[in-house]
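The values are calculated or read from the model by the stated rules, or taken from the named source; none is laboratory data. Computed from a predicted structure; not experimentally measured. Note: ideal-geometry Cβ built from the backbone for every residue, glycine included; neighbour counts use all protein chains shown. Only protein heavy atoms, including side chains, enter the accessible area calculation; ligands, DNA and RNA are left aside. Shrake-Rupley method; radii C 1.70, N 1.55, O 1.52, S 1.80 Å.
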Amino acid sequence: MSIQNPTVVTLLAPLTGVLVPLDQVPDPVFARKMVGDGISIDPFGHILISPVAGEVMDVQPSAHAVTVRSDEGLEILMHIGLDTVRLVGEGFTPKVKAGQRVAVGDPLIEFDLDEVGRKAKSLLTQMVITNSDAVASIEAATGLVTAGVDVAATVVLAVASDDDPAAAGPARTAASDGILVP
């Protein structure tokens, strides 16, 4: 039996703004961490960037959310605002497509801060790890962060057991089921 050191993944801020604890988001799906654990940002900027190097797994048709799989296998959902799916893409311009490789800091979605802010319930933007089984712990930063410069969260990956071949690597072929948000 070999002893492995856990892998630590640093997630840079995908937006400039003020970090807000996820449990303070005025939406029960995010606040109760039903989608996954992470952070929320009250944005000052209008360009969502990749917090990690990896591959774009999904861009929602309404362009309000994007999921990136890091090179270490973390699936990171970034969801701009609350109730923004009902805007049907109005105010959002995707800069990437599913399957595209991204580097840290690459633009993912540009959005009109004023338009989305007027029409959405909130501009709070969530960054959550949707494959929480791969995570041992998440340490969220606090305060003001600058996109692509400051660390928003540090994630310690769960160490795969030698006895569990399914947990041996980040290779995942299927997307998770959709979540219906009332």
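Defining a contact as two alpha carbons under 8 Å apart and six or more residues distant in sequence, what relative contact order in percent does the chain show?
Details: 430 pairs, mean separation 56.8, N = 182.
Averaging sequence separation for qualifying contacts and normalising by length gives 31 percent for the chain.
Each of VAL128, VAL59, VAL88 has its accessible area taken with a 1.4 Å probe; listed largest first, they run VAL88, VAL59, VAL128.
Of all accessible surface on the chain at a 1.4 Å probe, what whole percent is carbon and sulfur?
53 percent
In the complete set of protein chains, residue-level accessible area for THR142 is approximately 120 Å², probe 1.4 angstrom. Largest GNM mean-square fluctuation across PRO14, PRO94, PRO26, computed for the chain with C-alpha springs under 10 Å, falls on PRO26. Seen from ARG118, the other residues with C-beta closer than 13 Å to its C-beta sum to a net charge of -3, counting Lys and Arg as +1 and Asp and Glu as -1.
Largest accessible area first, the residues GLU139, GLU75, GLU110, GLU90 order themselves as GLU139, GLU90, GLU110, GLU75 under a 1.4 Å probe with ligands, DNA and RNA left out. Per residue, the chain exposes an accessible area of 51 Å² to a 1.4 Å probe, with every protein chain left in place.
Under a 5 Å amide H cut-off, with hydrogens placed 1.01 Å from N, ILE109 pairs with LEU48, LYS95 among residues at least 5 apart or on other chains. To the nearest 10, the accessible area of ARG86 is 140 Å² with a 1.4 Å probe.
Rounded to the nearest 20 debye, the dipole size of the chain about its Cα centre is 400 debye, using +1 on the Cβ of Lys and Arg and -1 on the Cβ of Asp and Glu. Across the stretch 117-130, coupling constants 3J(HN,Hα) worked out from phi with the 6.51/-1.76/1.60 Karplus curve, θ = phi - 60°, read x, 6, 9, 8, 5, 6, 8, 3, 10, 8, 10, 10, 8, 7 Hz, and Gly and Pro carry x.
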